[in-house]
Ligand SMILES: [Zn+2]
Ligand SMILES: [Zn+2]
């Protein structure tokens, strides 16, 4: 279920001065997650009827969109080198042509060509689909990893770097140090200024700045073996499928 973006209230921890947050009046008492001191939201904050009000935008969806976009644009899917594709095309066409031609008593030129074409289709289509599937699943894994990493970020005010408590949910609140208005969702914290989209994008970019794995492309060893198995199975199918006609 998507989490509702709410108006939260903030107050400083009396011990460590971190910004503490409360999203619902019934959650006013807790231990400061930064220093462990007992914390209690002031009555005037809790009595405010606006506390916990639903806001007219979906902060987690906005944040996720920025994460997806960042990973997608940096991601290089597994790609096969040109010479591999060319060699594979030649081998599968030759094999198809040979197998089909030799299965007929008097093969004509068009029979050889037909065999070649069939061989090409039977190998290159599954090859392309498998590569595409690998690229898609790799991207989904990277998005998951980036999202999990961002959730573990140390929550700090993006304006003044003041320590914050991890927000109890998505929503807006004020930094108790610089009084800036902030929005939090999914581990990201941005300044509440429009366009928010740009703010999320910047926050994601700086959070994932040093994560080199995002733009690492190429085919990893298990994937290579998978491609080899697919190609081998397809070539076998060409040999027996076309040869037995
Ligand atoms: Zn504290
Ligand atoms: Zn601040």
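Once the Cβ-Cβ distance between residue 149 and residue 103 is put in as r, and R0 is 51 Å, what FRET efficiency do you end up with, to the nearest 0.05?
Here the calculated transfer efficiency is 0.35.
In Å, what Rg and Dmax follow from the Cα atoms of the range 53-146?
22.6, 82
Can you tell me the order of 121-132, 7-18 when each peptide is scored by its average per-residue count of other Cβ atoms within 10 angstrom, highest first? Let's see the in-between values first.
Working: 121-132: 16.1, 7-18: 18.0.
The most tightly packed comes first, giving 7-18, 121-132.
From the P(r) of the range 6-243, could you give the percentage of C-alpha pairs in the tail past 33 Å?
Pairs farther apart than 33 Å: 46 percent.
What FRET efficiency do you get for residue 230 and residue 24 if R0 is 51 Å and r is their Cβ-Cβ distance, rounded to the nearest 0.05? Write out the running numbers ahead of the final one.
Numbers: r = 53 Å, r/R0 = 1.05.
My answer for the efficiency is 0.45.
By how many nm would the segment from residue 194 to residue 76 lengthen if fully extended, with 0.36 nm per residue of separation less the alpha-carbon distance?
39.4 nm
Please report the antiparallel percentage of the DSSP beta bridges confined to the chain, to the nearest 5.
Counting only bridges with both partners in the chain, antiparallel ones make up about 85 percent.
Quote the FRET efficiency, to the nearest 0.05, computed for residue 136 versus residue 181 with a Förster distance R0 of 30 Å and r equal to the Cβ-Cβ distance.
0.20
Report, in degrees rounded to the nearest 10, the 0 to 90 angle that the Cα long axis of helix 196-207 makes with the longest principal axis of the chain.
80 degrees
Can you give me the angle between helix 109-151 and the longest principal axis of the chain, using Cα atoms only, in degrees from 0 to 90, rounded to the nearest 10?
Taking Cα atoms only, the helix is inclined about 10 degrees.
Computed over the Cα atoms of the range 179-245, what is the convex hull's projected area averaged over all directions, in nm²?
8.5 nm²
Rule-based calculations on the coordinates, nothing more; no lab input. These numbers were taken from a predicted model, which means no experiment stands behind them. All Cβ positions, glycine included, derive from the backbone under ideal geometry; neighbour counts span all protein chains shown.
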